[in-house]
Amino acid sequence: MLIALKKHWPEYLMEAAGLGIFMVSASVFTILLYHPASPALRVLAEEFPRRVLMGLAMGLTAIGIIYSSCGKQSGAHLNPAVTLTFFRLGKVAPWDAMFYVIAQFAGGIAGVALVAAVAGKLLAHPSVNYVATLPGSGGTGAAFLGEVVIALILMSVVLVVSNKQKLACFTGLFAGACVAAFITFEAPISGMSMNPARTFGSALLPHLWDSLWIYFLAPPLGMLAAAAVYLRLKHAVGCAKLHHQNNLRCIFCEYQASKQKAIQLAKSVEMGLPLV
């Protein structure tokens with residue numbers, strides 16, 4: 001544990017910062033588009049155009065984080081469900097997975113807390129409500145199903161695109177497009193989270209605990225299902241980074257190399273070969 005923390009703490013901080021920035025962006029754009037005092041509400045009286053703009057804003061935010069230097073180094077998971085899925089696929093070391101998840105929750109909380117400290121009344125207004133993700137009029141069942149479906153779609157897209165050589169460098173664009181589309185069309189059903197840490201960050205200050213279980217269970221379920229289907233089709237899974245086409249350190253490739261070295265060492269011992 002201490003070795004992982006000592007070696008990979010920059011990546012952990014990058015994950016925290018990435019989701020923190022995402023939450024700041026979500027908070028600011030929600031205030032701009034939904035607070036009654038905002039001019040945007042008078043110009044765009046109908047909700048759908050505002051949802052389109054919100055989707056574009058958050059999709060571009062996600063893309064910016066993924067293609068930033070920090071995102072390129074940490075892999076820009078920004079989501080415990082993503083990290084858990086890559087851990088299940090054997091692409092993330094156990095301690096790295098644990099510290100990534102802790103960092104993501106910390107980042108989500110910090111991002112909302114920062115905006116609350118600067119614009120508390122605006123963020124707390126019922127029309128903004130700390131950018132909380134809550135079930136829509138269809139209730140918890142529809143919200144749960146919606147979260148499973150969008151999480152499954154996102155992870156399927158990430159796995160397919162990131163593991164095709166000609167498309168891999170565009171994985172961030174595809175992921176951002178998914179975020180934009182889901183906010184535009186799925187948000188009325190579940191609030192569009194796909195991310196336990198994102199939802200917890202918004203729920204902490206206003207104590208919105210009633211539906212938290214949906215956003216803790218549904219996104220991992222959808223993403224793990226996508227990974228299971230992908231493996232069932234006998235597709236290979238490469239690195240856990242969303243953007244791997246760079247020269248920055250990759251702790252996931254280091255982990256894979258260490259596993260391969262351990263396997264080779266075990267085979268040498270089994271065959272009685274001299275250890276070099």
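The values are calculated or read from the model by the stated rules, or taken from the named source; none is laboratory data. In this text, all values refer to a predicted model and were calculated from it rather than measured experimentally. Here Cβ is always computed from backbone atoms with ideal geometry, including for glycine, and neighbour counts include all displayed protein chains.
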Residue, farthest from the chain's Cα centre (by Cα), within the stretch 182-222, restricted to residues that are charged (D, E, K, R) and closer than 24 Å to residue 50 by Cα: 186
Some residue of the stretch 215-223 being closer than 22 Å to residue 69 by Cβ and among the small types (Gly, Ala, Ser): no
Residue satisfying condition, being over 14 Å from the mean Cα position of the chain (by Cα), outside any loop (DSSP other than H, G, I, E, B) and surrounded by 16 or more Cβ atoms within 10 Å (Cβ to Cβ), within set 157, 161, 179: 161
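Listed here are the residues, each with its yes/no results for (1) within 25 Å of residue 102 (Cα to Cα); (2) outside any loop (DSSP other than H, G, I, E, B); (3) among the hydroxyl-bearing types (Ser, Thr, Tyr).
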residue: 169; (1), (2), (3): no, yes, no
residue: 240; (1), (2), (3): yes, no, no
residue: 245; (1), (2), (3): no, no, no
residue: 252; (1), (2), (3): yes, yes, no
Number of the exception - residue 196 against (1) buried (at least 22 other Cβ atoms within 10 Å of the Cβ); (2) in contact with a Ser or Thr (Cβ under 8 Å, 6 or more places away or on another chain): (2)
Candidates 116, 110, filtered to the one that is over 30 Å from residue 238 (Cα atoms), surrounded by fewer than 23 Cβ atoms within 10 Å (Cβ to Cβ), modelled with pLDDT of 95 or more and under 17 Å from the mean Cα position of the chain (by Cα): 110
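Condition check ((1) in a helix (DSSP H, G or I); (2) of a type in the set (Gly, Ala, Ser); (3) surrounded by fewer than 16 Cβ atoms within 10 Å (Cβ to Cβ); (4) at pLDDT 95 or above) across all residues:
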| site | (1), (2), (3), (4) |
| --- | --- |
| 11 | yes, no, no, yes |
| 28 | yes, no, no, yes |
| 33 | yes, no, no, yes |
| 42 | yes, no, yes, no |
| 59 | yes, yes, no, yes |
| 77 | no, no, no, yes |
| 84 | yes, no, no, yes |
| 91 | no, no, no, yes |
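Residues checked against (1) closer than 19 Å to residue 87 by Cα; (2) touching a residue at least 12 places away in the same chain (Cβ under 8 Å):
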| site | (1), (2) |
| --- | --- |
| 189 | no, yes |
| 199 | no, yes |
| 207 | no, no |
| 244 | yes, yes |
| 251 | yes, yes |
Close pairs from the stretch 144-156: first of a type outside the set (Lys, Arg), partner surrounded by fewer than 18 Cβ atoms within 10 Å (Cβ to Cβ), Cβ under 6 Å, at least 6 apart: 148/221; 152/225
Any hit, the stretch 138-147, residues being out of contact with any Ser or Thr (no Cβ under 9 Å at 6 or more places or on another chain) and over 16 Å from residue 243 (Cβ atoms): yes
Counted residues, the stretch 93-106 - those being over 21 Å from residue 214 (Cβ atoms) and either surrounded by fewer than 20 Cβ atoms within 10 Å (Cβ to Cβ) or among the hydrophobic types (A, V, I, L, M, F, W, C) (or both): 9
